[in-house]
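Here is the structure we will look at, set down as structure tokens.
The values are calculated or read from the model by the stated rules, or taken from the named source; none is laboratory data. Because the structure is a prediction, the values reported are computed rather than measured. Note that we place each Cβ from the backbone using ideal geometry, even for glycine, and neighbour counts take in every protein chain shown. Quick note on the areas: whole protein, heavy atoms, side chains included, nothing else; ligands and nucleic acids left out. Shrake-Rupley method; radii C 1.70, N 1.55, O 1.52, S 1.80 Å.
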Amino acid sequence: MRVSTGERLGNYVILIGFALFALAPIATILTTALGPETPQDAETGGPVHWENFARAWEQGKFGEYMTNSVLVAAIVVTSAALLSIMAGYALGAFVFPGSQVLFYVFLLGIMVPAEAIIVPLFFDFQALGLTNTLWGIALPQIAQSVAFGTFWMRAYFRGANRSIIEAARLDGAGHHRVLWQVLLPVARPAVVTLVLLTFMWTWNEFLIPLVMSPNAQLRTAPLGLALFQGQYTQGTVLLAAGAVLVALPMVILYLFLQRHFIRGMLEGAVKD
């Protein structure tokens, strides 16, 4: 079916309208972050004030907070990705007694919100001495990410080409070799999508770091931005600069991995 010129033009108009609607808040934040902080800056400086980012970084102590976020994200993403790949392979490539029940148990991690379990979880971690530690912040997020990651990778492995697996098994490959050397290279888009989503959720997490570090020893970037907002309720320029700094790692990571991310979403790891 051929698409007429009018229909194509209408589609472009709609897409451009949605793009402008989505980009308008981002443009507003960037414009504010690069604007003058004080009337003196407007008089003495140029139209673009890059020094706002240095001021926000120093005054908001974002170096310390973003280091904590990077450490937590590295632990969560690495652990969740490895566990999700192995669990997804076991539940997606094989059928064994109790596999369906076990899969539903994993789904509970998606259906139960963190707000419902965070208070009893805090007291359990406090009894174990895990509060105010990186593991106290990372472990709950690993559990949440593994729940989604298992669902994601299971669906991908269920749709994998069975002839490849059978050929590898005929060549004498074990489960370990089939997973890591045969299936995983083909599943790269799905894994990259999982890594990117897990990193985004971990980086933006606010409630778990807030509760699991009651004495504020391990503030992450979102917590640091909230504290910075409390200190500079009138300083919208530095606040906007701080928001840009916190969001920048996610933007950079997405730009590097966008090709694999889009391919993984289009291929559809969910094939049930």
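Could you tell me what percent of the accessible area of region 162-213 is made up of carbon and sulfur, with a 1.4 Å probe and every protein chain present?
62
Using a Gaussian network model of the chain with C-alpha springs under 10 Å, which one of GLY230, GLY136, GLY92 is most mobile by mean-square fluctuation?
GLY230
Calculated from DSSP H runs of 4 or more alone, at -39500 (n - 2.57) each and per residue, what is the 222 nm mean residue ellipticity of the chain, nearest 500?
Counting only the DSSP helices, I get -25000 deg cm²/dmol.
Hey, got the dipole for the chain? About the Cα centre, +1 on K and R Cβ, -1 on D and E Cβ, debye to the nearest 20?
That gives the chain a dipole magnitude of about 1040 debye.
Let me check against my output: what whole-number percent is the relative contact order of the chain, with C-alpha pairs under 8 Å and at least 6 apart?
Once divided by the residue count of the chain, the mean separation gives 31 percent.
Top mean-square fluctuation among GLY60, GLY88, GLY109, Gaussian network model of the chain, C-alpha springs under 10 Å?
With Cα springs under 10 Å in the chain, the top fluctuation among GLY60, GLY88, GLY109 is at GLY109.
In degrees between 0 and 90, to the nearest 10, how far off the longest principal axis of the chain does helix 221-231 point, with axes built from Cα atoms?
The angle comes out near 20 degrees.
At a Förster distance of 35 Å, what's the computed FRET efficiency of VAL186 paired with LEU102, Cβ-Cβ distance as r, to 0.05?
After rounding to 0.05, the efficiency reads 0.90.
What is the list of residues in region 208-231 whose amide nitrogen lies under 13 Å from a point 7 angstrom out from the Cα of THR28, following Cα to Cβ?
Correct set: none at all.
Please work out, to two decimal places, the log10 of the ratio I(q)/I(0) at q = 0.14, 0.26 Å⁻¹ from a Debye calculation in which every Cα of region 68-110 carries one identical scatterer.
-0.42, -0.91
Per 0.36 nm of contour for each residue apart, how much would the distance between HIS176 and ALA74 grow if the chain were fully extended, relative to their Cα-Cα spacing?
Difference between extended and current length: 34.3 nm.
Give me the three principal axis extents of the chain from the C-alpha atoms, as integers in angstrom, largest value leading.
Dimensions of the chain along the principal axes of its Cα atoms: 76, 67, 32 Å.
Can you give the accessible area per residue of the chain, in Å², using a 1.4 Å probe?
Solvent-accessible surface per residue comes out at 57 Å².
Go ahead and set up a Gaussian network model of the chain, Cα springs under 10 Å, then flag whichever of VAL195, VAL95, VAL76 fluctuates most.
Top of the fluctuation ranking is VAL95.
Round to the nearest 10 and give me the degree value, 0 to 90, for the angle of helix 134-158's Cα axis relative to the longest principal axis of the chain.
50
Between TRP201, PRO36, PRO214, whose Cα lies farthest towards the positive end of the dipole of the chain when Lys and Arg beta carbons carry +1 and Asp and Glu beta carbons carry -1, centred on the Cα centre?
Going by the charge dipole, the pick is TRP201.
Pull out a ≥ b ≥ c, the square roots of the eigenvalues of the alpha-carbon gyration tensor of region 58-194, then state rounded if a/c is under 1.5, prolate if not and a/b is larger than b/c, and oblate in the remaining case.
It is prolate, given that a/c is not under 1.5 and a/b is the larger ratio.
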